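All remarks here apply to the structure that follows.
Derivation of every value follows stated rules applied to the coordinates shown; laboratory data play no part. If you're wondering where the values come from, they're calculated on a predicted model, not measured in any experiment. Glycine also receives a Cβ, built like all others from the backbone with ideal geometry; neighbour counts cover every protein chain displayed.
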Amino acid sequence: MAYIKKDCFILSFQGVCGVLSLAVFTVLISLIFAVPASALNLDFASWRILSSAHFNIYYHNNNDGFARAAAAIAESSAVEISRTLNLKTIPKNIPLILYDAGDTPFGFTNVLKNKMWVSIALPDPAELSDKIWIESIIRHELTHYLMGAKLDKFIKLGTGRLIGWGVTPMWFIEGVAQREESGWNAVKDSAVRTAILSDKFLNLSDLQIFYFFNYQGRRLGYHIGNSMVVYMAERFGPDVISKILENTSYFKLNSFNQAFKKVTGLSLNQFFEEWHIRSLEKYKKQVEGKKSITDYARPLDFHGGLNISPAFGRDGKNLFLLSNKGRDVRRLSLFSINVETKKTSKLIDNLEDNYFLDRGSEFILFCRKSRNKFDNLVSDIFRYDIKSGAVKRVTRWLKAASPVYDYDSKTIFCVQQEAGATNLCRIDFDGNLRERVTDLGYNCAIYDIQIPFSQRPDPDKKNEKIMFLNYFKDGRFSVASLNYDKKSTDYGKIIPVTSSDSMIIKPRVFIQKDGSYKVFFIRDRGGIFNICSVTLERRNGGFDISSRENLTDFRESVIDYDFCPSYGRLAVVTQTHYGSDITLLDAGKKYAGDKELVSGPGDADDIACEKTAERGKLETGETVPSHLKGSASGTSAIKSSSSQHKYKIIPYKNNLKMEYLIPMAGSQSSKSLFGAQGRFADAIDRHIIDYQLLAGSSKYRNLTASYIYRGFKPTLGAAVYDLVRDLRPGVLENLRGADLFLNYKLFDTLVIFDLFAREISANSISPRLVLSKPELLNGENKDRGYFIKLLNYSAENSIDADIHPLNAHSVMLYHQNSTAKFNSFYRYKMSKLDVSKWMMLSGRLKNTIKARVMLATSSGDYDFQLGGHNDLRGYSTRPIIGRKAQLYSLEYSHLPINQPLQFKILSVNKVYPALFYDIATTYDDYSRAAWHKSAGVELKTRLLIFRKTPLAGKVGVAWRLGEGHEKEFYTAFDLKF
């Protein structure tokens, strides 16, 4: 993933007259108080730098071995990717930051900052490929970085990368990265096939901007881009990628289209149509002769969207499942459905998949991600009591997933992530780590642990202490067994019982009445996932496969399932263009006709018995372990890492460098401003210096600079500024001064404390104060004091939260004080409470009601001036003034209008129309409150500059009610890059 992300500037403006417009005081506030979404700099971490020929690897938590492996992978990958891009010279000192704090996998390349970040956390099994997982992530992000280096050819300091990225479509950028990341696999094939055969694939305009779509569409955009680039390379040769980039110009908005036609002889539309026809032919042939699951049964009528992880209750009548209810993100809730009456109950919100359902249906063990005190998402285990509905937290910041209850020891097995590895652990219900069963390296991964459910007539008979799990190693998938009996000589060994070069996921294991083990799993067969099974019999301490069976052979890919042996039912989850459906089937019927074999240890399988590998076996002088011999480039990279003299490791040094300096242009109140914006920072953003220098006609200017230190909590900083702006229409204001501030994230609440000393224009005083206290006009023109602000905000969605939050809330407490002890021009105190709540009325249409309440009071030389698009809409030109204020607002937002307009520079990505009603009053203790009302309509929208950089805001019209019905038109936008 590559995008442009700025931590410390959010530039707001009213009235779009150019690419950028400014409301400079909002710039100032954003500059001072911006806090990153995730704390990529840890105050407790001891960072180090590993230097290789072309990379500086920044890491912490003493992950020396992992850093060496990452450097080796990065060096070998850089050579291969540079060859694809025809990059003559690989840049030096490429910053690669390895982040090991949470267990949320991510990787991103910031094009403007020119840095790569990689989380040392393993992805979901469906995201794994034919390479070691860390190799795939590094290759993807490195492709973005090197493509940016190729685009940064004529204009330096970030501008070339910015413009080059702007004229290059997103499908090409991500498609090339996906192609370099890993080979084409069944996950990608299933996604593209499902979209094309359902005629719901993204069009060419959608593919320019797919990153701003909801969860399903965003993922699909990556896969379609990959498919198009693969076809393009096959059709025109692998050098077509570099030739298109070399013929793309900064100075023409449609230069990519022209370069594409020059190199291939086809227009983009012609190529897209050809790719679609070929893909349609391919996928029709792929599913030829296969039946749809809908030919056997209708899916459950449930929320459209992602529906996964079905689990039958003990009576077989209740089905538990996870669903995102058609929302924009993978935010899952647990539901229970009575399969006979179809009655649905929601049990828990916000949990991960792979929960454990007690065989008596009395409790559920599940995982939930929450932010720790360093603002990192970490998974922990919780217990849900089905009868009472009580939720108890079991672990705290353990990075634990896939809980399974062991009825013999009354403890919990789980998979823990640590230092790029997954390992099996045992914990008790107090959250204490009792035992670590395995000690695997980063090249392996375990998922979906299962203690077999027994169907024997005697339930009290003790079973062997053997569990099964999904095992991934060096690009090879398998179902494996693991002995957790400490008395056994095989304790802790992972032994694959069935494996394949194709993907094998989601094992489910049952002990049958004859004592054999029935193992179900999902397997890729010709690019389509279906359910298979094998029967295992214990023999001489190992397993023999006595029978194999393909249970399903649907045209749709099966992505999850559950089997109820007591009632012979199957709950099958199949992929759809909008997410997934769940269908209930009779397990006794046939859904496949062939008997294709599934390999086991007795077949040509080079993995017979996997002993637990030691983490970090990458020290100097050691031979390459056998468990690193799966990926060619990865293997050669690991070999090179054994030569320690190539890598120099030193403690971290704060070396500030100029990351970018880009030109800026904009307007405010019909006044043009021109200048530049830039940043100095060290590699891990411990020290950040941002500055903006803009000037224009009528003495307008915006000179701001800030310094932020993020070396420990709280974040500390300082800002200086000199601003000339419009306070009100026709009233010019000058504001200059300095602030010292600190930010602290207390759980989900941001706490800000600020000391300020400002010189302000006399005309900044409210008109009412001028009339009541004219001596203020001859005062010292100083405003010195402090303020404290507490802000708690959360939204269920992520993609559209900037324009249309779902089930969100915002609570803001604010207090400011400027007193005589600071020799102030003003002498006042003011406090404000501002609460907003967004409530979604329909999960399918996303209709939302927003209710807002603001209460404020002040004393001394301060008056509230309510008016403008952030408060009482329709009163910008005549705000209401007083020492106490109340504001109430009700807003209804309808379903979105998607992509109504496409321009060359600005394109409309999404529009949410909203109706509002505002009522507010300001008054003094001695005056009667007069209520002012307005109503109107807003179009909340996201514009995209070059179809990438988001410009979020609104266009509105408001009518004053009861005062002549004056009408006011307004606009407000935030440029967030």
- Note on the structure: If amide H atoms are modeled at 1.01 Å from N in the peptide plane, then the residues at a separation of 5 or more from Arg555, or on another chain, having amide H under 5 Å from its own are Lys291, Ser292, Ile293
- So between Lys646 and Asn269, what do we pick up on full extension, going 0.36 nm a residue minus the alpha carbon distance? 130.9 nm
- Percent relative contact order for the range 293-576, counting Cα pairs under 8 Å at least six residues apart, stands at 11 percent
- Identify the residues of the range 501-532 with backbone N under 13 Å of a label point that sits 7 angstrom from the Cα of Arg548 along the Cα-to-Cβ direction, or state none. 501-502, 523-525, 532
- Additional length obtainable on full extension of the chain from Lys657 to Lys261, 0.36 nm per residue less Cα span: 138.6 nm
- Query: Which far-off residues, 5 or more places away or on another chain, put their amide H under 5 Å from the one on Leu347, with H placed in the peptide plane?
  - Reply: Leu334, Phe335, Ser336
- How would you classify the range 293-576 from its alpha-carbon gyration tensor, with a ≥ b ≥ c the square roots of the eigenvalues: rounded for a/c under 1.5, else prolate if a/b is greater than b/c, otherwise oblate? rounded
- Message: For a 25 Å ceiling on Cα separation, which of these pairs sit above it: Lys291/Lys589; Lys92/Lys262; Lys200/Lys850; Lys343/Lys513; Lys745/Lys837; Lys373/Lys493?
- Response: Lys92/Lys262; Lys200/Lys850; Lys343/Lys513; Lys373/Lys493
- Partners for Lys789 among aspartates and glutamates (Cα-Cα distance below 17 Å; same-chain residues under 8 apart left out): Asp739, Asp748, Asp754, Asp834
- Describe numerically, in nm with one decimal, the distance between label points set 7 Å from Cα along Cα→Cβ at Asn540 and at Tyr567. 4.3 nm
- Query: Once phi is turned into θ = phi - 60°, what whole-Hz ³J(HN,Hα) does the Karplus curve with 6.51, -1.76 and 1.60 give for every residue of the range 521-532, x standing for Gly and Pro?
  - Reply: 6, 9, 9, 6, 10, x, x, 10, 7, 9, 8, 10
- Query: HN-Hα J couplings of the range 509-514 from phi, Karplus 6.51/-1.76/1.60, θ = phi - 60°, integer Hz, Gly and Pro as x?
  - Reply: 10, 9, 8, 7, 4, 8
- Message: To make sure I understand the rule: partners must be aspartates and glutamates, Cα under 19 Å from the Cα of Lys487, and not fewer than 8 residues away in the same chain. Which ones qualify?
- Response: Asp406, Asp408, Glu435, Asp439, Glu464, Glu610
- Task: Taking the Cβ of Asp189 as the centre, find all other residues whose Cβ is under 12 Å away and add up their charges (Lys, Arg: +1; Asp, Glu: -1).
- Result: +3
- Under the Karplus relation with 6.51, -1.76 and 1.60 and θ = phi - 60°, whole-Hz ³J(HN,Hα) for the range 795-812, x at Gly and Pro, equal 9, 6, 9, 10, 5, 9, 5, 6, 10, 7, x, 10, 6, 10, 9, 9, 10, 10
- Note on the structure: The rounded separation in angstrom of the Cα centers of the range 287-334 and the range 515-576 is 18 Å
- Message: Please list, ordered by chain and number, the residues whose modelled amide H lies under 5 Å from the amide H of Ile94; skip anything fewer than 5 residues away on the same chain.
- Response: Phe55, Asn56
- Message: At 0.36 nm per residue, and after removing the present C-alpha to C-alpha distance, how many nm does the segment from Arg878 to Ser488 gain when stretched out fully?
- Response: 132.2 nm
- Item | Spatially proximal aspartates and glutamates relative to Lys261 (Cα-Cα < 18 Å; intrachain offsets below 8 disregarded) | Glu234, Asp239, Glu246, Glu273, Glu274
- Task: Give me the distance in nm between label points sitting 7 Å out from Cα along the Cα-to-Cβ direction at Leu833 and Ser205, one decimal.
- Result: 4.7 nm
